[in-house]
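A.B. asks: Pasting a structure here, questions to come.
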Amino acid sequence: MIKKLSLSGFGLVATFILISAINKPTSSGAPSASTGGGGEQTCAMSTCHDDNSINSGTAQLSVEIADMVKVGEDATIKVKIKDAGKTRFGFQVTALDESNTKVGEFIITDTERTQILGGNNSFPNRQYLTYTYLGTIDTDGQAEWEAKWKSTTKGKVTFYVAGISANNDGQDKGDFTYTTSKSITVAEASKITKITNSKEVTFNLSNSLLTITNPYFNYIKTITITDIQGKTLFTKTINNADAGTEIKLPELSAGVVIATLQTSAGILTKKLFATHD
C-alpha cells in the first residue's frame, strides 16, 4: 500500500496508502506511521502496492509550500498528483524535526477530502494528515489536497511526499508509488512594535504636500511612500520629533499610496489617497 520513503533532517514527510476501488465508503485514511520516514516502514515493504518500483510510472507528484514561512504562521501546503486516465489517488503527511520528533501542527481546511490521525504504538506522539474516502476519487487524471501547517519552532523543514495512482481494479496490485520532496525555512516571527500613541499620529496628503501631526513627539527617523504593489515612490530621512512636519513629495499618480513611518518606538503604516486638486 505504500512504497519506501526515506527521510533526513527537520522534515515534513508525506506518503500515501490506497486500496484501489474500495467497495464501500470508508474514511479511515492511510494507517498511521506508514510514511517510511523517521523509522517508519511502508506498506510497499510488506503486502500492498509492492509490485512496481518507486517512481517507475508516468505520474507527476509535487508538494507546494512557500520557500520561507514564519513561526506561528499558517502556511498552505498542497500535494498534487497527475496521471492521465487514473481516477483514484491519495496521500499521508507527518512533520518531523532533526531528532525525528513531531513538530508543528496540521490544520484541516477541507474536511471532505482530508483528515488528521494520531500516531500508533510505535510512534504515539506523531501526527498525520491523510485522505478521506471522498478524497481518493478524481475523474480527470489528477488530484490535489490542501491544508495548513503551523510551526512553533524555527529551522529547516523538508516536505517529503509519496503518492499512489491506483488503477481502480479492486485490488492493491498494478498501482504505482511516487516520491518527491521540497525544503523550506521556518524563520523567527517579525517583532514590530507599534508606535507609541499611534492613534494620535495623523497623516494628511493634499496634492504633493504630506503633513504629519505628532503631538506625543515620537522620534521619527524616516518616511517612505510606496504604491499598493510595494514599489517605492519616495523616501526621506527625517530624524526629528517635531509636533508637526510637512514634506513636499514628488507628483504622485492619483490613487492609493502607503505611508510608512519608521520611529524609535516602532513602525506605523497608513493608507493615503493621492489626488490632483
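A.B. asks: Which far-off residues, 5 or more places away or on another chain, put their amide H under 5 Å from the one on Gly174, with H placed in the peptide plane?
C.D. replies: Asp51
A.B. asks: Using DSSP to define loop residues, name the trypsin sites (Lys or Arg not before Pro) in the stretch 96-164 whose beta-carbon has at most 15 other beta-carbon atoms within 10 Å. Don't jump to the answer; show the numbers that get you there.
C.D. replies: Working: sites: Lys102, Arg113, Arg126, Lys148, Lys150, Lys154, Lys156; in loops: Arg113, Arg126, Lys154.
Loop-located and lightly packed - Lys154.
A.B. asks: If I take every Cα pair under 8 Å that is 6 or more residues apart in the stretch 59-128, average their sequence separation and divide by the length, what percent do I get for the relative contact order?
C.D. replies: Reported relative contact order: 23 percent.
A.B. asks: Right, something else. Can you give the log10 of the normalised intensity I(q)/I(0) at q = 0.21 Å⁻¹, computed with Debye over equal Cα scatterers of the stretch 198-274?
C.D. replies: Summing over Cα pairs of the stretch 198-274 leads to -0.90.
A.B. asks: Between Glu73 and residues 5 or more places away or on another chain, which pairs have amide H atoms under 5 Å apart, with H built 1.01 Å from N, and which residues are they?
C.D. replies: Those qualifying (amide H under 5 Å, at least 5 residues apart or on another chain) are Ser151.
Every number in this text was worked out from the coordinates using simple rules, so none of it is lab data. Remember, predicted model here, so these are calculated numbers, not experimental data. Cβ atoms come from the backbone with ideal geometry, glycine included; neighbour counts cover every protein chain shown.
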